[in-house]
Structures are given as C-alpha cells and as structure tokens.
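Undergrad: My structure is below; once you've seen it, I'll send some questions.
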Amino acid sequence: MQLKKIMLATCAFSVLAVSAAHSQTIGKAEDQVRWRQSAFSTMGWSMGRIKANVSGTYNKEQVTQAANTLQALANSDIGSLFAPGTESAKGWKKTEVKPALFTDKEGANKAWASFAKEADELAKVAAASDAAAVKTQFGKVGQACKGCHDKFRVEH
Ligand code: HEC
C-alpha cells in the first residue's frame with residue numbers, strides 16, 4: 001500500500017516536473033536511508049557478479065544484467081536520498097555517511113557524475129565487447145565507488 005502510494009507519487013512527479021534540477025524529497029529519513037543502503041547493496045551484488053565473470057568463466061548475459069543494473073542505479077538520483085535530516089538516521093542499520101557529503105556539494109556531485117559516466121560506459125562495453133575490455137572498465141567503475149567511499153563513507 002505504502003509502496004503503491006510512493007510509486008504513484010513518483011510517477012506524478014516525473015510527469016509534472018521532468019526538467020526539475022532537484023527531485024522532491026520522498027520518504028521519511030529512515031526510509032531514505034533504507035532505500036539508499038538497499039541500492040548500494042545491489043551495487044555490491046552487481047560488482048560481485050561482474051568480478052566473478054571476469055576472473056572466472058565469462059557469461060555475457062550475466063555481465064550485461066549486472067552492468068545494466070549498475071547503470072540504472074547510477075542514473076537513478078540516489079543523491080536525492082541524502083536529504084537533510086538523514087545525516088545520522090538509521091535505516092537497515094545506522095547510516096555510514098560522513099557529514100562531508102552534506103556540506104561538500106561540489107565534491108559529492110562530482111563523485112556521482114564520475115560514477116554515472118563510468119557505469120554508462122560499462123553497460124556499453126558489456127553489450128559490445130569481450131571479457132578483457134569489460135575487466136578494464138569494471139576497474140574504472142570500482143575506482144568511482146572507492147573515490148566516493150574514501151571521501152564520504154565511514155571506514156570500517
Ligand atoms: C557518490 C558516492 C558513492 C558512490 C559513487 C558509491 N557509493 Fe557506496 N556508499 C556511499 C555512502 C555514502 C554509503 C553509506 C550509505 C548509508 O549507510 O546511508 C555507501 C554504502 C555502500 C555499501 C553498504 C550498504 C549497506 O548499508 O549495507 C555498499 C555495499 C556500497 N556502498 C557499495 C558501492 C559500490 C559497489 C559502488 C560502485 C558500484 C558504490 N557503492 C558507489 C557512497 C557511494
């Protein structure tokens with residue numbers, strides 16, 4: 001029920017404001033943290049699948065699925081799930097975001113943009129090329145993940 005409402009709200013919003021620079025805030029703080037943690041976990045899964053393929057038996061279908069998932073998530077505006085008030089909220093677990101992500105907007109935007117660029121390229125390479133080319137581009141995506149984590153995610 002809740003999800004249906006959210007989906008309707010999202011659809012209505014995209015129809016009305018396709019060109020808006022910032023999407024409206026959707027969800028309570030704990031929802032936002034849960035959603036972003038879930039999205040990042042799915043990224044971890046997808047990177048794990050590609051890694052297994054480029055270092056073992058290569059299955060193009062599996063790599064394409066994972067690369068397309070990464071591309072979709074990289075272009076889904078996860079940044080909008082870091083609304084003020086979510087700096088120290090709890091989702092599935094306490095958030096691991098660093099306060100810097102909320103203050104260094106330029107740095108955060110750069111990190112999102114470089115991730116989107118590399119993920120777009122990975123989807124292209126996965127559709128068109130062989131394991132060696134995918135492995136190289138996979139490394140660049142990994143650097144984009146790490147670049148953001150180094151700056152904006154609490155270390156374990
Ligand atoms: C622009 C910044 C940024 C990029 C790019 C990014 N991450 Fe993260 N990641 C974060 C932040 C911030 C958190 C902490 C989220 C929270 O707990 O609220 C996080 C959390 C995670 C988590 C833990 C999720 C959980 O709570 O269990 C995983 C796994 C992860 N990221 C994987 C990745 C992978 C893989 C990529 C690249 C394919 C990636 N991330 C790209 C910022 C980023």
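Undergrad: Counting other Cβ atoms within 10 Å, which trypsin sites (Lys or Arg not before Pro) in the stretch 78-156 have at most 12 and lie in a DSSP loop? Each step should come with its number before you reach the end.
TA: Working: sites: 90, 93, 94, 105, 110, 117, 124, 135, 140, 146, 151, 153; in loops: 93.
Filter output for the stretch 78-156: 93.
Undergrad: For the stretch 53-104, which semi-axes, largest first and in whole Å, follow from the square roots of 5 times the eigenvalues of its Cα gyration tensor?
TA: So the equivalent ellipsoid measures 32, 13, 10 Å along its semi-axes.
Undergrad: If the viscosity is 0.890 mPa s and the temperature 25 °C, what Stokes-Einstein diffusion coefficient in µm²/s follows for the stretch 35-156 when Rh is the Kirkwood radius over Cα pairs?
TA: 165 µm²/s
Undergrad: Using 1/(1 + (r/R0)^6) with R0 = 41 angstrom and r between the beta carbons of residue 132 and residue 105, what's the FRET efficiency to the nearest 0.05? Provide the component values of the computation, followed by the final result.
TA: Working: r = 37 Å, r/R0 = 0.91.
After rounding, the FRET efficiency stands at 0.65.
Undergrad: List the aspartates and glutamates whose Cα sits under 16 Å from the Cα of residue 93, skipping any in the same chain fewer than 8 residues away.
TA: 30, 31, 155
Undergrad: Something else: Just order 62-73, 36-47 by mean Cβ neighbour count inside 10 Å, highest at the front, would you? Can you show the working numbers first?
TA: Working: 62-73: 19.7, 36-47: 16.2.
Going from most to least packed, we get 62-73, 36-47.
Undergrad: Pull up the cross-link candidates among the aspartates and glutamates for residue 140, meaning alpha carbon to alpha carbon under 13 Å and not fewer than 8 places away within one chain.
TA: Candidates past the 8-residue exclusion: 118, 120, 121.
Readers should treat all values here as calculations from the given coordinates under stated rules, not as data from a laboratory. Just so it is clear, the structure is predicted and the values come from calculations on it, not from any experiment. A quick note on method: Cβ atoms are made from the backbone with ideal geometry, for glycine too, and the neighbour counts reach across all protein chains shown.
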